[in-house]
Amino acid sequence: MRVVTAMRVVAPVVGMAVIWILLWGNLSVANALSGLAVGLLVAALSRLPHVGAGARIRIGGCLRLLGWFALDMARSGTRVAWQALRPGPPPVNAVIAVALRTHSDLTMVFTALALSALPGSLVVEVRRSRQTLYVHVLGVDEQGGLDKARQDALDLEKRVIRAIGTADDRREVL
Amino acid sequence: MSVALDVLVAVVLLLGALFSLTAGVGLLRFPDTLARLHTGAKPQVIGLMATLLAIGLRAEAPLNIGILLLVATCQLMTAPVAAHMVGRAAYRSGRVRADLLIIDELSRDLSES
């Protein structure tokens, strides 16, 4: 438990120090030290609630999620580009409710982020108490219908759980 | 070798520019805010990614690639949030063309509660 608590404090500080070094553009002792100092200051001044309770990061799942994300970005990006360029009336859309199965805030946030980042779907509302995302789907028919769109969102949730899901997530969904 | 790299960089750059162009066309052609967000927030991100990739292929120092990754990550984390907030505000203020939606489960659930 001690180790986990220490990680919670150390990981964000190190992360901020890395960003600091990247922003300066060169790796030096002075940059590393000032980066750590800034990281500690920010961490001390803004104590954010811990959202990742129980999340377990799996490298394999993360890589698969990233690879799938890049592929789907290209695929649905091309589709949306065509929907914008093609002649004729605008696409027919829908707002669907997708009830996620996870109870983890972090899984829900990442699923919503990925859905909103991918062309063709946009999260317009989130209901945390019922783990429901309301997704605006662009061109329902081009995406294979309402059920397909719903299933795609749930599949995405599964991919996120394989990458960063909690033990509960994995028991319930996988 | 460097000619092949130049051609690759040019192709990636043009591809990025093309996606950014479709984002602009979509903004003009799509009828309501929610549909416009799909092109404003997404092909534009792909355009940026392609541009960053092209720069990365030509980058000399590894730390420059680090900055590009930082830009890409920040864009991927913030663009969806911005799109969500605009979409949510548009929906809540009634700026949604209901006639363009074949089903709207949010207004159904909102009227229930």
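If R0 is taken as 45 Å, the Cβ-Cβ distance between B:D109 and B:D6 corresponds to a FRET efficiency of 0.25. Summary value for the stretch A:2-45: 44 percent relative contact order, contacts being C-alpha pairs under 8 angstrom separated by 6+ residues. The calculated FRET efficiency for A:S28 paired with B:A59, based on their beta-carbon distance and R0 = 30 Å, is about 0.95. Given R₀ = 22 Å, what would the calculated FRET efficiency be for A:R47 paired with B:M85, taking r from the Cβ atoms and rounding to 0.05? Calculated value: 0.35. Fully extending the segment from B:I102 to B:A17 would add 27.3 nm, taking 0.36 nm per residue of separation and subtracting the current Cα-Cα distance. Among the DSSP helices (H) of chain B, those spanning at least 24 angstrom by Cα along their long axis with an average Kyte-Doolittle hydropathy of -1.0 or more are B:2-29, B:62-92; this is a geometric and hydropathy rule only. A simple charge model with +1 on the Cβ of Lys and Arg, -1 on the Cβ of Asp and Glu and nothing else charged puts the dipole of chain A at about 440 debye relative to its Cα centre.
Residues considered: A:P91, A:P119, A:P12. Largest GNM mean-square fluctuation over chain A, using C-alpha springs under 10 Å, is found at A:P12. Rolling a 1.4 angstrom probe over the stretch B:1-81 with all protein chains present gives an accessible area of which 78% lies on carbon and sulfur atoms. Once all protein chains are placed together, B:V12 keeps about 20 Å² accessible to a 1.4 angstrom probe.
Full extension of the chain between A:L40 and A:R8 yields a length gain of 10.3 nm, computed as 0.36 nm times the residue separation minus the alpha carbon distance.
The values are calculated or read from the model by the stated rules, or taken from the named source; none is laboratory data. All of these numbers come straight from a predicted model, not from anything done at the bench. Cβ coordinates were reconstructed from backbone atoms using ideal geometry, including for glycine residues, and neighbour counts include every protein chain displayed. For accessibility, only protein heavy atoms count, side chains too; no ligands or nucleic acids. Shrake-Rupley method; radii C 1.70, N 1.55, O 1.52, S 1.80 Å.
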